[in-house]
Each structure stands twice: as C-alpha cells, then as structure tokens.
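The values are calculated or read from the model by the stated rules, or taken from the named source; none is laboratory data. Owing to the predicted nature of the structure, the values given are computational and were not obtained by experimental measurement. As a convention, Cβ positions derive from the backbone with ideal geometry for all residues, glycine included, and neighbour counts pool all protein chains shown.
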C-alpha cells in the first residue's frame, strides 16, 4: 500500500513536546562516571518486557551475526577561556570549522583557523583581540581570537597562534577544556579528559560525546567478538545542538541543528550485507544510519543535493527502497565522483511516526525530558518509553551522559508501515 508521505510529515510536526516529559530529580543525574565503565546498569527492553542486567553482560543479550554500529567521533577540547586585561572572563565554544570547513583540514591547519563559535559573556568583549598565553615546554606562546562577523545564533571567530609548527588540534590540547554537558553543573575535571571519551574514539570533531559508547571496554568488545557479533564504525560529529531544549509547543516549530557525517564505502557495504539486523550504539549512530539511507534515496530519485538531509525530508521521500539499494546508490555515487570518504550533513528529526529503515535496536543512555532524543526513543518503542523510564526511576538507574545504559529492541507494532 502506498504511504501518504504528506500525512506522515504533517502528523509528526503536530506532536506536542509536553507529551514527552517526566520528573527527573537532580540527584538522579549522574554527575561523575562509575569507576569501571562496564559496571553500569543495563536495562533490556525486548518483546515489550523489561529485564535488568549489568553492562558487561550485553554480549549475552545479542544474537550472533548481528552488526553493531559505533560512532567513532572524538570529543575536542572545544571550550576556550580567555581573560581580558580588565579581568573579565570570555568563553569561546568552538562549534564547527569554517575556513577550512573540512574537519580534518581544520585540525591540521597551522598558524590560523576560523570557526563558528558561541561566545559566553560576549557583552564584555566589545572590541579588540583576546589573547591567551600557553606553554610548550618552557617556551610561552600566544593564542589570539578575533571576531569576524555575527552568524545566526553564533559568531565567526578567527584564531591565530605564533607557534608555526603546532596544528590547531595541538593548540586546543594545550588551551582548551572538554565541554562536559551543562546539566552536570560542575567544572571540567582532569578525569573528564579520559572518561568523556569512548575507548574507540578516532576522528576529532565532536563537542559532545556519543555517550552510549562510554560503557564499552576492551573486555566487552572481546566478548562480543567471541560470540560472533560483528561491528562497524562511522562518524557523526556531535554538535552543541544535542543539548538544545525544545522550546516550541509543537515539534514542527523546533529547528534541528546540523551535524556532519563521514563514512567509507566499505562500511556501507558491510552494514547493508548484514544478515541478522543492525543495532546502533547511541542516538548519533541512529541518526547517521537513517540519514545515510535517505541520502541514498535522494540519489536514486535524482534529487539535486544528496549530501544534506533536511529536517523533515525523511517523512516526505519515497519509502519503498531497501537498505541495500540505498547504500549501493551512495557507493556508486562515490565511485563515479572518485570520493573515498562520503561527507554529508543531516538535520534529521526522528519522532513518533518515523519508519526506521536500517536499525532493529539501540544501545542508549536515559535522556532529558522534553528532548528530541526522547522523541527518538518513542519512535522506536512507542508509548512504552514511559514504562521504561519509570522502571529506571524506580530501580535507581543513573540518568543522562554519565548515567546507566539500555538496550532497546524496536517494537514491531510501533509503525505498521515498517518494512
């Protein structure tokens, strides 16, 4: 039966965020990680039933032949604290590179780099250049920040430094702080440099961690491997918009942030060839996988721009293509354009009524009330998200980024149009 995509989009946009709330006391928010990553609690939701495990038992909950997909992005030390000569503190939060716009090139650049940033206490920075001293060995150098222009909700900032051999990545390591989530209500600590990073992080670019991956250890990976559970990696650089609250009454009036994707053709081929289904590790992996599917559909339908998925496009595009057809279209596109790494951007919003095309399950933490991430959970498990979260609250689960984990299997009856 043909799906009315206009109705799908309209109905999703009418969703009221007030229907996706719950009471989260501050003391239930994990302010620090557990000493052992894989000793966190694990809530398992399968066949509409809930069981409780420890995270290091995750391999026992997954069928052999399943493909687990991880986001290998690495959190950068994106918070830069400058002090004016008056003593006024100005915080610059790097969001994404502008010149050069490519993440890899931006981190490798020397002497100067221009970024889209959020400026805290901007009223204290009316003019002039900010300067921050830093040391390499015993020698002192200076990082400078200049405002170029105002952007939508942000500012373009040009950074320059007088160490000709240091890349911007190395400068951030010397001068920046890890941007832990604002709801932790504490300063960044030395331990966050390690613990607010997955053990498999590789490619710099995120300003927030893909926190579902924080629970994984080498021991868990070894157990997954021994059980024949396959894994694949891709990259989505998580933006500050992941913490952006939904302030509009209806979801249709909420503007999703843009996040940047990188994936190789062999990863797409591997994922689409999976025989026993795909489990995404984290909501960032879900958004990446599902966005890639729709980008393939855009190629198949000769849409003009296959590298940007707008907020509501997934509800409006043709729904009948298989994952294999879609991912193969991207691979052909890469081959024809001699592209080794597919770079794309997504603004996808996954809300109730969304038809998941790639994943069958999700490993994820527990998310904030009235957030777009909670909408994604509801799209996967339906109204049972309330039962899941109430169980977690009643059984001392720890919430948000440093909190406990869950394995959520998609409910087959959530969307009758699911393939």
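Restricting attention to segment 153-162, and to residues there that are in contact with a helix residue (DSSP H, G or I) (Cβ under 8 Å, 6 or more places away or on another chain) and in contact (Cβ under 8 Å) with a residue 40 or more places away in the chain, which single residue is nearest to residue 120 (Cα to Cα)?
159
Restricting to helices (runs of 4 or more DSSP H) lying wholly in segment 318-419: which have 1 or more residues that are within 24 Å of residue 210 (Cα to Cα) and touching a strand residue (DSSP E or B) at 6+ places or on another chain (Cβ under 8 Å)?
Where helices (runs of 4 or more DSSP H) fall fully within segment 318-419 and carry at least 1 residues being within 24 Å of residue 210 (Cα to Cα) and touching a strand residue (DSSP E or B) at 6+ places or on another chain (Cβ under 8 Å), they are 372-381, 384-394.
Would you please list the contacts, defined by Cβ atoms under 7 Å and residues six or more apart or on different chains, that run from a residue in segment 56-71 that is at positive phi to a residue that is surrounded by fewer than 16 Cβ atoms within 10 Å (Cβ to Cβ)?
Correct list of pairs: 65/228; 65/275; 65/276.
In segment 95-113, what residues are touching a helix residue (DSSP H, G or I) at 6+ places or on another chain (Cβ under 6 Å) and more than 12 Å from residue 78 (Cβ to Cβ)?
100, 109, 113
Can you name the number of the only condition in (1) over 27 Å from residue 110 (Cα atoms); (2) under 21 Å from the mean Cα position of the chain (by Cα); (3) assigned by TED's automatic domain parsing to the domain that holds residue 65 that residue 238 fails?
(1)
Which residue out of 240, 212, 273, 208 is farther than 25 Å from residue 116 by Cα and in contact with a strand residue (DSSP E or B) (Cβ under 8 Å, 6 or more places away or on another chain)?
Within the list 240, 212, 273, 208, the selection yields 212.
With the checklist (1) closer than 22 Å to residue 238 by Cβ; (2) surrounded by 12 or more Cβ atoms within 10 Å (Cβ to Cβ); (3) touching a helix residue (DSSP H, G or I) at 6+ places or on another chain (Cβ under 8 Å) in hand, flag the one item residue 182 doesn't pass.
(2)
Hey, among 293, 333, which residue is more than 23 Å from the chain's Cα centre (by Cα), at negative phi and buried (at least 16 other Cβ atoms within 10 Å of the Cβ)?
Result: 333 is the single residue among 293, 333 that is more than 23 Å from the chain's Cα centre (by Cα), at negative phi and buried (at least 16 other Cβ atoms within 10 Å of the Cβ).
Quick one: is residue 219 surrounded by fewer than 20 Cβ atoms within 10 Å (Cβ to Cβ) and either under 16 Å from the mean Cα position of the chain (by Cα) or at pLDDT below 95 (or both)?
In short, no.
Would you mind finding the one in 224, 214, 236, 268 that is at negative phi, buried (at least 18 other Cβ atoms within 10 Å of the Cβ) and part of a strand (DSSP E or B)?
Step by step, each of 224, 214, 236, 268 is checked, and only 236 is at negative phi, buried (at least 18 other Cβ atoms within 10 Å of the Cβ) and part of a strand (DSSP E or B).
Residues in segment 118-135: is at least one touching a strand residue (DSSP E or B) at 6+ places or on another chain (Cβ under 8 Å), within 24 Å of residue 401 (Cβ to Cβ) and not in a strand (DSSP E or B)?
no
Of all residues in segment 291-306, count the ones that are in contact with a strand residue (DSSP E or B) (Cβ under 9 Å, 6 or more places away or on another chain), at pLDDT 95 or above and more than 15 Å from residue 232 (Cα to Cα).
Counting residues in segment 291-306 that are in contact with a strand residue (DSSP E or B) (Cβ under 9 Å, 6 or more places away or on another chain), at pLDDT 95 or above and more than 15 Å from residue 232 (Cα to Cα) gives 4.
Could you tell me whether segment 35-42 includes any residue that is out of contact with any helix residue (DSSP H, G or I) (no Cβ under 6 Å at 6 or more places or on another chain), in the same structural domain as residue 402 (by TED's automatic domain parsing) and assigned to a helix (DSSP H, G or I)?
Among the residues of segment 35-42, at least one is out of contact with any helix residue (DSSP H, G or I) (no Cβ under 6 Å at 6 or more places or on another chain), in the same structural domain as residue 402 (by TED's automatic domain parsing) and assigned to a helix (DSSP H, G or I), which makes the answer yes.
Can residue 141 be described as surrounded by fewer than 18 Cβ atoms within 10 Å (Cβ to Cβ) and either outside the structural domain of residue 30 (by TED's automatic domain parsing) or more than 22 Å from the chain's Cα centre (by Cα) (or both)?
yes
Quick one: would you say residue 352 is in contact with a helix residue (DSSP H, G or I) (Cβ under 8 Å, 6 or more places away or on another chain), farther than 30 Å from residue 63 by Cβ and surrounded by fewer than 24 Cβ atoms within 10 Å (Cβ to Cβ)?
Against the criterion (in contact with a helix residue (DSSP H, G or I) (Cβ under 8 Å, 6 or more places away or on another chain), farther than 30 Å from residue 63 by Cβ and surrounded by fewer than 24 Cβ atoms within 10 Å (Cβ to Cβ)), residue 352 does not qualify.
Conditions first: (1) over 24 Å from residue 201 (Cβ atoms); (2) assigned to a helix (DSSP H, G or I); (3) at pLDDT 95 or above. Residue 252 passes all but one, so which condition is the exception?
Exception for residue 252: condition (3).
I need the full set of residues from segment 40-52 which are modelled with pLDDT of 95 or more and either more than 27 Å from residue 199 (Cα to Cα) or exposed (fewer than 13 other Cβ atoms within 10 Å of the Cβ) (or both), in order please.
46, 49, 50, 51
Could you list, in sequence order, all residues of segment 65-94 that are surrounded by fewer than 21 Cβ atoms within 10 Å (Cβ to Cβ), in a strand (DSSP E or B) and touching a helix residue (DSSP H, G or I) at 6+ places or on another chain (Cβ under 9 Å)?
Listed by number, the residues that qualify are 81, 89, 90, 93.
Given the condition closer than 20 Å to residue 71 by Cα and under 24 Å from the mean Cα position of the chain (by Cα), answer yes or no: does some residue in segment 383-401 qualify?
Yes; the residues of segment 383-401 include at least one that is closer than 20 Å to residue 71 by Cα and under 24 Å from the mean Cα position of the chain (by Cα).
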